[in-house]
Every structure is written in structure tokens, then in C-alpha cells.
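Have a look at the structure below, then the notes.
The values are calculated or read from the model by the stated rules, or taken from the named source; none is laboratory data. Being a predicted model, the structure only gives us computed values, none of them experimental. Here the Cβ is made from the backbone with ideal geometry for all residues, glycine too, and neighbour counts use every protein chain on show.
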Amino acid sequence: MRMARIGQNSSTRSQPTRHLRWWIGALLFASTVINYIDRQTLSLLAPYLKQDYRWTNTDYANIVIAFRVAYSIGQTSAEGCWTALAQGAG
């Protein structure tokens, strides 16, 4: 006679997600689109920000440069972490 394990029922076994690769690909695509839209927001709001905060074109350019520098540093450090983890450091 075969005994069932505690907490495991044949009707409650989890089924693998169908087409898991496509789901992962869709999530990556959606996150990329959201990231792209998010980075375009500053340029769309430029006229309103300049008017509300009385920025000149130079002021606005300095802010955009600061965001891009911070973004590049973040991407570079994130890439370094992923590379280090992939090589087994950590």
C-alpha cells in the first residue's frame, strides 16, 4: 500500500507555466518600454519645468546631464555587479 506524503496531494501539484520563455520575454520587453517612456518624460515636461521653475536652457541642460551621468554610473555599476556574480565572485 502506497502512502501519500503530508502536504502533497495529486490534485494540488503545481503545474509548470506554459511558454515560460515567452512570459519572461514579454516582461523584459514591457520593462524596456516602460524604461524608455520614463526617460522621455523629462524632455516632454521641459517647457513646463522651465516656465514653473524659471530655468534657462543652460539650467535645463545641466539637469539633463546630471540625470544622464547618474544613469550611466548606475548602469556601469550594475553591469559590474552582474559580471562579478556571473564569474562566481560573491
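Kindly indicate which of SER43, SER14 is at pLDDT 70 or above and surrounded by 10 or more Cβ atoms within 10 Å (Cβ to Cβ). Please lay out each step first, then the result.
On the way: SER14 fails: surrounded by 10 or more Cβ atoms within 10 Å (Cβ to Cβ).
The conditions single out SER43.
Restrict the check to the range 48-71 and report whether at least one residue is at pLDDT 90 or above, surrounded by 10 or more Cβ atoms within 10 Å (Cβ to Cβ) and not in a helix (DSSP H, G or I).
At the first step, the residues of the range 48-71 found to be at pLDDT 90 or above are 48-63, 65-66, 69.
Pick out the ones that are also surrounded by 10 or more Cβ atoms within 10 Å (Cβ to Cβ) and you get 49-50, 53, 55, 59-63, 65-66, 69.
Still in the running and not in a helix (DSSP H, G or I): 55.
There is at least one residue in the range 48-71 that is at pLDDT 90 or above, surrounded by 10 or more Cβ atoms within 10 Å (Cβ to Cβ) and not in a helix (DSSP H, G or I).
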